[in-house]
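> Sharing a structure here in structure tokens format.
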Amino acid sequence: MKILVINSGSSSLKYQVINMENEKILLKGLVERIGEKKSSIKHENGTSKYTEELKITNHEEALKKVMNLLIDPQYGCFKSLSEIDAIGHRVLHCGEKYVSSVLIDDNVINAIEEHAVFGPLHNPPNLTGILAAQKLMPDVPQVAVFDTSFHQTMPPKAFLYGLPYEFYEKYKIRRYGFHGTSHKYITIEAAKMLGKDIKELKLISAHLGNGASLAAVKGGKVVDTSMGLTPLEGLVMGGRSGDVDATVPLFLLRQGYSIDEVDNILNKKSGVYGISGISNDMRDIEKAIKEGHKRAQLAFDVYTYRIAKYIGSYATILNGFDALVFTAGVGENDPEVRKTVCDYLGIFGVKLDDEKNISLNRIGGIISSDDSKVTVMVIKTNEELMIARDTKEIVENQKK
Ligand code: ADP
């Protein structure tokens, strides 16, 4: 079975084709700056790379371009598009409506649309990608894989906010959690790496990318996670504030900032970027620290402190943990962040092997010392593969 995975963002479209017989990537690519003056395509199929700069007005046009590349004799992997068995789409949010991945029909489309209030930056472009794919490949089964699904096992004491209960009943305001596909992949891979049954494992998964979240996973089920109703809550991120006193946005509104301005401040102008005043990228922050930039150091300190504080609270609710896994852009590539976080965790018996922390950077593996009570690991996340696996399972079950 060959599956096309689509991750459609507000101005981008990421895609991969995966051969599910061996889970190998046949080709992948990225269309960026859709709708702007100069869009770009970066595409590769293992033997040839293709790049182009051109104007692409919308997601349908982008997908048409991608489809031509899929069947291109040099850059593609198919003779005909009929060789695509299924399409898996990454979708941010469907609230409590769908607790696992689902074959897309009109009800699913309506639900994604309805939940755009909770995911205004992601749900609409996710849907645009789905509609474009349906239009261009109407006979191919399409599956929605939600970022929230893996977290649906959280108990009410973890997902409820301390707000009047009626807001949960009326508006479904609660913690949902995101990066679920990544946390699920990490859980499966960590169990494999440790040679342990998932059911026996208590782990904390740290997905530290531009967006960042932690999940506390017991026996393969999420018991708590740091993101909330939207991907804004929890850790201090590249440009997002993470936890703040809920009065802060109210204060800013009373100061005369508009709702959109406050939204933009909390989601884009805060976090590492907001504190340092220079960048949301940890590479820039660490370079600036070396040059003596004080606010870059402050941003790094706030960022790592918040991660450690959350891990401490998850260690408590898990009643101890066997493994801590770092993943995503920062987690996979940044020994300094991993070391600083782990230095806080001595109380739990976490001991990093400083050499392995550096030598296994980017590669992945176990980076704790042999006498560490908790196994610390670096695992490269693979959300696309997780989406493809879910898609395969759903499409196969459908045929039965
Ligand atoms: P996204 O959340 O957009 O999917 P990624 O998981 O790809 O992002 O993470 C992107 C972030 O990873 C960058 O903004 C940067 O902070 C960080 N990053 C990438 N490479 C490195 C590196 N070599 N060292 C430190 N941080 C890195």
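> Leu26's amide H: which non-local residues (gap 5+, or another chain) put their own amide H closer than 5 Å, with H modeled 1.01 Å from N in plane and none for Pro or chain starts?
Counting only residues 5 or more places away or on other chains, the set is Val17, Ile18, Asn19.
> Now, a different point. So, with +1 on the Cβ of K and R and -1 on the Cβ of D and E, and no other charges, what is the size of the charge dipole of the chain about its Cα centre, to the nearest 20 debye?
For this selection, approximately 200 debye.
> Please state, to two decimals, what the Cα-based radius of gyration of the stretch 173-219 comes to when divided by 2.2 N^0.38 Å (N = residues).
1.20
> Here's another thing I want to ask about it. Restricting the count to DSSP beta bridges whose residues both fall in the stretch 71-219, what percent are antiparallel, rounded to a multiple of 5?
That works out to approximately 65 percent antiparallel.
> A follow-up question, please. Tally the DSSP beta bridges in the chain and give the antiparallel ones as a percent, rounded to 5.
So the antiparallel bridges amount to about 70 percent of the total.
> Okay, moving on. As a test of the formula, what do you get for the chain when each DSSP H run with n ≥ 4 contributes -39,500 (n - 2.57) and the sum is divided by the residue count, at 222 nm and rounded to the nearest 500 deg cm²/dmol?
That comes out to -11500 deg cm²/dmol.
> With each pseudo-label sitting 7 Å past Cα toward Cβ, what's the Met1-Asp370 distance in nm, one decimal?
Here the answer is 4.3 nm between the modelled labels.
> Which residues' amide hydrogens lie under 5 Å from the amide hydrogen of Asp224, considering only partners 5 or more residues apart or on another chain, with H built in the peptide plane?
Ala216
> Follow-up. Please report, in whole Å³, the volume per residue of the convex hull around the C-alpha atoms of the stretch 173-316.
Looking at the stretch 173-316, the number lands at 122 Å³ per residue.
> Here is a further query. For the stretch 78-142, count all C-alpha to C-alpha pairs, find those more than 17 Å apart, and express that count as a whole percent of the total.
Tail of the P(r) past 17 Å holds 40 percent of the pairs.
> Using a basic spin-label model with each label point 7 Å from the Cα along Cα→Cβ, how many nm lie between Ser40 and Thr316?
Simple spin-label model gives 4.6 nm for this pair.
> Related question: Contour minus end-to-end for Ile278 and Ser48, with contour as 0.36 nm per residue of separation and end-to-end as the Cα-Cα distance?
79.1 nm
> Among 350-357, 212-219, 14-21, how do they line up from the highest to the lowest mean number of other beta-carbon atoms within 10 Å?
The peptides rank, most packed first, as 212-219, 14-21, 350-357.
> Along the Cα→Cβ direction, 7 angstrom out, place labels at Val117 and Glu166. What is the inter-label distance in nm?
Placing both labels 7 Å along Cα→Cβ, they lie 1.5 nm apart.
> For the stretch 50-130, with the dipole built from +1 on Lys and Arg beta-carbon atoms and -1 on Asp and Glu ones, taken about the Cα centre, which of Ile84, His115, Leu54 lies farthest toward the positive end?
Working it through, the farthest residue towards the positive pole turns out to be Leu54.
> Whole number please: convex hull volume per residue of the Cα set in the stretch 153-247, in Å³?
So the per-residue hull volume is 97 Å³.
> Working from the pairwise distances between different alpha carbons, so that the mean of 1/r is found and then inverted, what is the chain's Kirkwood radius in Å?
Averaging 1/r across every pair of different Cα atoms and inverting gives 22.1 Å.
> Next question. For the chain, what is the relative contact order in percent, using Cα pairs closer than 8 Å and at least 6 residues apart in sequence?
Relative contact order comes out at 14 percent.
> Could you give each residue of the stretch 365-382 its phi-based ³J(HN,Hα) in whole Hz, using Karplus coefficients 6.51, -1.76, 1.60 with θ = phi - 60°, and x for Gly or Pro?
x, 8, 10, 8, 7, 4, 9, 6, 5, 10, 7, 9, 10, 10, 10, 6, 6, 8
> Hey, with R₀ at 35 Å, roughly what FRET efficiency would Ser11 and Asp354 work out to, going by the Cβ-Cβ distance, to 0.05?
0.30
> Ser12's amide H: which non-local residues (gap 5+, or another chain) put their own amide H closer than 5 Å, with H modeled 1.01 Å from N in plane and none for Pro or chain starts?
Ile34
> Want the number for Met193 to Arg254: 0.36 nm per residue separation, take away the alpha-carbon distance, what's left?
Gain in length upon complete extension: 16.8 nm.
> Where in the stretch 73-95 does the amide nitrogen come within less than 18 Å of the point 7 Å from the Cα of Asn58, taken along Cα to Cβ?
The answer is none.
> Moving to a separate point now. List the aspartates and glutamates whose Cα lies under 15 Å from the Cα of Lys55, skipping any in the same chain that are fewer than 8 positions away.
Filter leaves Glu32, Glu36.
> Now a separate question. Spelling out what I want: for every residue of the stretch 66-72, take phi, set θ = phi - 60°, compute 6.51 cos²θ - 1.76 cosθ + 1.60 (Karplus), and round to whole Hz; glycine and proline get x.
Once θ is set to phi - 60°, the couplings for the stretch 66-72 become 4, 4, 5, 5, 4, 10, 5 Hz.
> What whole number of Å gives the distance from the Cα centroid of the stretch 275-342 to the Cα centroid of the stretch 33-84?
36 Å
> I would also like to ask the following. Looking only at Cα atoms, what is the convex hull volume of the stretch 273-400 per residue, in Å³?
152 Å³
> Semi-axes of the equivalent ellipsoid of the stretch 83-188: what are they in whole Å, largest first, if each equals the square root of 5 times a C-alpha gyration tensor eigenvalue?
Gyration-tensor ellipsoid for the stretch 83-188: 27, 16, 10 Å.
No lab work stands behind these numbers, since they all come straight from the coordinates. As the structure is a computational prediction, the values presented were derived from the model and not from experiment. Glycine also receives a Cβ, built like all others from the backbone with ideal geometry; neighbour counts cover every protein chain displayed.
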